[in-house]
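See structure below.
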Amino acid sequence: MTDTYTRVMRTPVVGGLAKRVGAPSPPALERFSEGAPVIAGKVLLGAAAGGRLAAPLAKALRALGASTVISDGDPARRLVNDVKIGSARLGGENGTKERFKALVLDASGIEDSTDLVALHGFLYPALPNLDRCGRVLVFGTPPEATGSAREHAAQRALEGLTRSLGKEVGKRGATAQLVYVAPGAENAMDSTLRFLLSPRSAYVSGQVIRLTVPPKGAGSEDLGELDWKAPLQGRSALVTGAARGIGAAIATVLARDGAVVTGLDVAGAQADLSALMAKIGGSALEVDITSPDAPEAIAAHFPDGLDVVVHNAGVTRDRTLAKMPAERWTMVLEINLSSEERINDALLAAGKLRPNGRIVCVSSIAGIAGNGGQTNYATSKAGVIGMVQALAPSLAEEHSVTINAVAPGFIETQMTAAIPFAIREAGRRMNSLLQGGLPVDVAETIAWYASPASAALNGNVVRVCGQSLLGA
Ligand code: NAD
């Protein structure tokens, strides 16, 4: 699905003219297709001296089949000497013309602001060789886990780099992210590396992702052999609001990844829901999540428990607060937040979430940035973020379950089609990728959280917004 402006801009005549007058020219994004490799091109790996992540990154890149090279003279050469890897020469007159689909940098060795020059040393010669729809991934240490104020400042500085780079490379469909890896989580990077390198993360850019030590029994050593083509094989998933829009895409992608999906929606959406469930081999559940008996009915529906809950059902009822009737306020808060809390409580109280289980919530960038005319919606979606942050530690500790959220930006659905034209057009373009996202972009991000290999992701809020200017 491409919007009319983007279609016209991609025609040779109009596109050429648009470039000359400086009109936004949205790049065509690459998205996942069945059977495609994780990454279709070479990866350049680098490191700041003393990094602790270069070796595990090299191993993970090798395991996912990426053709990886290290630049001559880069400290990564010394750090990964037990992993066989190719070499490249960058920059200068004899510099390579070799193209890279991804630039991956271990910045965990940076302990002082003066070490930040390593970022320039790696990226300056490499960026001209980055392909269309390429990836820049920087890996660091969470500032709060560092040993000194200098190291804290230097690691925190990585955010400014990656967020700015996202804005520079976005015009070519490329993205940039920062991944903070807690000490002890070095072997838990695989699922995140795969997601961020692949076209599955097409509309995710400028994000800061945190990996923590996985809950007990959910680490990579406990997983056994994972079939990365169907990582959710044998897992059972509930998706609320699955009849259409983003929820339908989530159900479809989770089923594609092997999950047995139960799609939930209100009575009026059952025809669409049943048709979708028949297509993806799932089953339909008719529940209004705000009804008083919904939490118990949902818990009772899964006698053997379940692995993944996706709280996607949500509504908008926009009005400025001065003109908002109480019913509109309450309805939005009830559907988007309070019912999710009640369902979580019921599932946890009944022990229905299996170990290494997942709760994934759909927030919104409105919950981060606020939005005029959406005080009710933004309040509910900010509350969702609060719920994720509050529950993350105890869920991991007591249930071996993780909870994370996605915060979509402008996604092309019936919800956004209802926005007045001028506001809709502004919403679409005001991001580094100059276009709206697709429901599948949100769904792929949720599938990454849902993977049994993603136990190190807990308490994250990742925006799927093309690095929208709103709340950035
Ligand atoms: P949509 O309106 O197309 O679909 C929402 C689904 O939720 C519908 O099938 C609806 O029947 C269901 N639903 C509503 N109330 C329910 C209830 N009480 N019980 C059970 N099901 C109920 O919306 P969408 O655009 O696909 O949005 C999905 C989620 O993504 C929402 O939480 C929304 O707030 C969020 N979101 C969307 C965008 C966007 O750009 N579309 C941006 C940010 C966040």
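What the pair-distance distribution of segment 227-464 shows, using all Cα-Cα distances binned every 10 Å from zero, is 8, 33, 39, 17, 3, 0 percent.
Note on ARG52 and MET324: the extension gain reaches 92.6 nm, defined as 0.36 nm multiplied by sequence separation minus the Cα-Cα distance. For the chain, the residue among LEU254, LEU178, CYS133 whose Cα projects farthest onto the positive side of the dipole built from Cβ charges is CYS133. Using C-alpha pairs under 8 Å with a sequence gap of at least 6, the mean separation divided by the residue count of the chain gives a relative contact order of 14 percent.
Convex hull over the alpha-carbon atoms of segment 123-215: what's its volume per residue in Å³?
Spelled out: Cα convex hull of segment 123-215, divided by residues, is 101 Å³.
Taken as Cα centroids, segment 354-378 and segment 392-429 sit 6 Å apart, rounded to the nearest whole angstrom. Pairs exceeding a 21 Å alpha-carbon distance, out of LYS279/LYS352; LYS59/LYS216; LYS59/LYS97; LYS59/LYS101; LYS84/LYS216: LYS279/LYS352; LYS59/LYS216; LYS59/LYS97; LYS84/LYS216.
Assuming 0.36 nm per residue, please report the length gained on full extension of the stretch LYS167 to ALA40 beyond their Cα-Cα distance.
43.4 nm is the gain from fully extending LYS167 to ALA40.
Rounded to 0.05, the FRET efficiency of the GLU159 and ASP112 pair, given R0 = 22 Å and the Cβ-Cβ distance, is 0.85.
The helix-only estimate of mean residue ellipticity at 222 nm for the chain, built from DSSP H runs of length n ≥ 4 each weighted as -39500 (n - 2.57), is -10500 deg cm²/dmol after division by the residue total. Return the whole-Å distance between the Cα centroid of segment 198-249 and the Cα centroid of segment 299-313. First find each Cα centre; the distance between them is then 16 Å. Taking the Cα centre of segment 41-211 as reference, the dipole from Cβ charges on Lys and Arg (+1) and Asp and Glu (-1) amounts to some 720 debye. Only Lys, Arg, Asp and Glu carry charge here, each on its Cβ (+1 for the first two, -1 for the last two); on that basis segment 227-464 has a dipole of about 700 debye about its Cα centre.
At R0 = 51 Å, how high is the FRET efficiency between GLN414 and ARG62 if r is their beta carbon distance? Nearest 0.05 is fine.
Computed FRET efficiency for GLN414 and ARG62: 0.70.
Distance between the modelled labels on LYS229 and LYS216, one decimal in nanometres: 3.7 nm (7 Å Cα→Cβ projection). Note on ALA426 and ARG78: the model spin-label points, each 7 Å out from Cα along the C-beta direction, lie 5.3 nm apart. Please list, or write none, the lysines whose alpha carbon is within less than 21 Å of the alpha carbon of LYS323, excluding same-chain residues fewer than 8 places away. In chain and number order, the partners are LYS381.
For segment 68-154, report the % of Cα-Cα distances exceeding 21 Å.
Numbers: 1360 of 3741 pairs.
In whole percent, the long-distance tail amounts to 36.
The angle separating the long axis of helix 439-450 from the principal Cα axis of greatest extent in the chain is about 80 degrees. Using a probe radius of 1.4 angstrom, the carbon and sulfur fraction of the accessible surface of segment 41-211 is 50%. Computed over the chain, the P(r) tail beyond 44 angstrom holds 12 percent of alpha carbon pairs. Overall, the chain carries a charge dipole of about 1780 debye about its Cα centre when +1 sits on the Cβ of Lys and Arg and -1 on the Cβ of Asp and Glu, all other atoms neutral. The tail of the calculated P(r) for segment 41-211, taken as Cα-Cα distances beyond 28 Å, holds 12 percent of the pairs. Where the alpha-carbon atoms of segment 173-222 are placed on the principal axes, they occupy 38, 17, 12 Å, in descending order.
The values are calculated or read from the model by the stated rules, or taken from the named source; none is laboratory data. Bear in mind the structure is a predicted one, so any value in this text is a computation, not a measurement. Don't worry about glycine lacking a Cβ; one is built from the backbone with ideal geometry, like all the others, and counts go over all protein chains shown. For the accessible areas, the whole protein counts, side chains as well, though only heavy atoms, and no ligand, DNA or RNA atoms are used. Shrake-Rupley method; radii C 1.70, N 1.55, O 1.52, S 1.80 Å.
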